[in-house]
Amino acid sequence: MFSILNRQCIAKSRATGYVAAAIVFIAIVGCAGRREAVLDLRAPVPTASVRQSVFLIGDAGNPAPGGEPVLTALSGELNRSEVSATVIFLGDNVYEKGMPNEDAEDRQEMERRLQDQIDAVLFTGATAIFIPGNHDWARGKSDGWNAVLRQEAYIETVGSERVRFLPEGGCPGPRFVDIGENVRIVTMDTQWWLHKNDKPAGTHDCPSTEESVLDSLRSVLLSAGDRHIIVAAHHTPVFCGPHGGYFTWKDHIFPLTKVKSWAWLPLPVIGSVYPLLRMWGISDQDLSGGLNEHMREAIESVFEEKPPLVYAGGHEHALEVFKGEFVRYVLVSGSGIYGNTEPIGDRDNLLWSATESGFMRLDFFDDGTVRLGVLVVDETGDGTEVFSYFLN
């Protein structure tokens, strides 16, 4: 189902991309057009008590020195929480190329970026799970596996059982953590599927062939019993921003603004080349990429047997809530750095979206109710819930 919807989204993007290149002066590309955030669409809080809370934040790997607004807001929410809270960092924890060697010139700065995220959770009494993304794998370069191992080693130096790096060792997972009696968090390293250089494969102490990964995932899902299942990874099975084939007129006419915000040099036709290549599958980081499509179809085949409640990821720098089929809901929470957002389009199964910085919160209540809250953050670090939804 996700693959069909993705193909529809990408097909629309391609068609408008051709028009953009042909008429030169107009380049409106994407799905049906951007859906604006609904700023007062909030579900009431149930009268039952909250058992656990799970926070979702992704792509937070370049926090502002001296205080990142999104992390400040996250810490504030955690400090106000009266129940056990778990924060899942959904990958790209160290921009731009992951954790370097200890003698690297930028090692101290990369440690600072990761430590700021750890501190945002550790000082509140909550627990944290860090999942690697493509930037943590050195953007797919030959040193990617080592970069992931270095990040894991650094997190281990924190010396706290409340901060974990999962899955370990560059393994694809799944690795699961049960939160109380009613929540199971299943972590997966989706970059493992897309990484073309050295990685655990076949001979390591973890599922490291596609067949073994899928068998293990099937077992983890089926053994969860009545628990609510959250599958957490970096790449999700659905997007409708750049990774899903959506590009704006500015991407086609003024492509240099992607590099420098002031570079308003019109480059019609030439500017369309990059978006079109992205739509045609030049990058496996996009839904149009061959390896990405293969990964999604393989994982979805397992979800058919027991659909998780939530599939959560980052990768796209926006906040997106989708209704799914084999997964009941897909949550994209990839705007963990203030101001680092990108435009998004629309699609039929998109319930809500916003090109805003922020994070998401899942509250699990005694009566079985699960409530999603989406918080956007301003430059002062003030977080405001602007959307919420009952997931069951």
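The values are calculated or read from the model by the stated rules, or taken from the named source; none is laboratory data. Computed from a predicted model, the values in this text were never measured in an experiment. Methodologically, a virtual Cβ is constructed for each residue, glycine included, from the backbone with ideal geometry; neighbour enumeration extends over all protein chains shown.
Test of understanding: among Ala224, Ala263, which residue is at pLDDT 95 or above and in a loop (DSSP other than H, G, I, E, B)?
Numbers: Ala263 fails: at pLDDT 95 or above.
Testing whether each residue is at pLDDT 95 or above and in a loop (DSSP other than H, G, I, E, B) leaves just Ala224.
Output the number of the condition that Phe123 fails; it satisfies all remaining conditions of (1) in contact (Cβ under 8 Å) with a residue 40 or more places away in the chain; (2) buried (at least 17 other Cβ atoms within 10 Å of the Cβ); (3) not acidic (Asp, Glu).
Failing condition for Phe123: (2).
Among the residues of the range 154-182, how many are in contact (Cβ under 8 Å) with a residue 12 or more places away in the chain, farther than 11 Å from Ile131 by Cα and in a helix (DSSP H, G or I)?
Residues that pass the stated criteria total 3.
Which residue pairs have Cβ atoms closer than 9 Å, lie 6 or more positions apart in sequence or on different chains, and pair a first residue in the range 191-215 that is free of Cβ contacts under 8 Å to residues at least 12 places away in the same chain with a second residue that is aliphatic (A, V, I, L, M) and assigned to a helix (DSSP H, G or I)?
Asp215/Val302
Residues being without any contact (Cβ under 8 Å) to a residue 40 or more places away in the chain and assigned to a loop (DSSP other than H, G, I, E, B): count how many of those fall in the range 286-318.
Number of matching residues: 2.
Identify all residues within the range 354-392 that are outside any strand (DSSP E or B), touching a Pro at 6+ places or on another chain (Cβ under 9 Å) and either surrounded by 14 or more Cβ atoms within 10 Å (Cβ to Cβ) or of a type in the set (Gly, Ala, Ser) (or both); write none if there are none.
Result: Thr355, Ser357, Thr369, Asp378, Gly381.
To keep it simple, each residue is scored yes or no on (1) under 23 Å from Val54 (Cα atoms); (2) surrounded by 16 or more Cβ atoms within 10 Å (Cβ to Cβ); (3) modelled with pLDDT of 95 or more.
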| position | (1), (2), (3) |
| --- | --- |
| Lys141 | no, no, yes |
| Tyr154 | no, yes, yes |
| Gly159 | yes, no, no |
| Arg164 | yes, yes, yes |
| Phe176 | yes, yes, yes |
| Ile185 | yes, yes, yes |
| Asn197 | no, no, yes |
| Val213 | no, yes, yes |
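Tell me, please, whether a residue that is closer than 30 Å to Glu82 by Cα, part of a loop (DSSP other than H, G, I, E, B) and of a type in the set (A, V, I, L, M, F, W, C) can be found in the range 189-207. Steps first, please.
Of the range 189-207, the ones closer than 30 Å to Glu82 by Cα are none.
Looking for residues that are closer than 30 Å to Glu82 by Cα, part of a loop (DSSP other than H, G, I, E, B) and of a type in the set (A, V, I, L, M, F, W, C), one finds none in the range 189-207, hence no.
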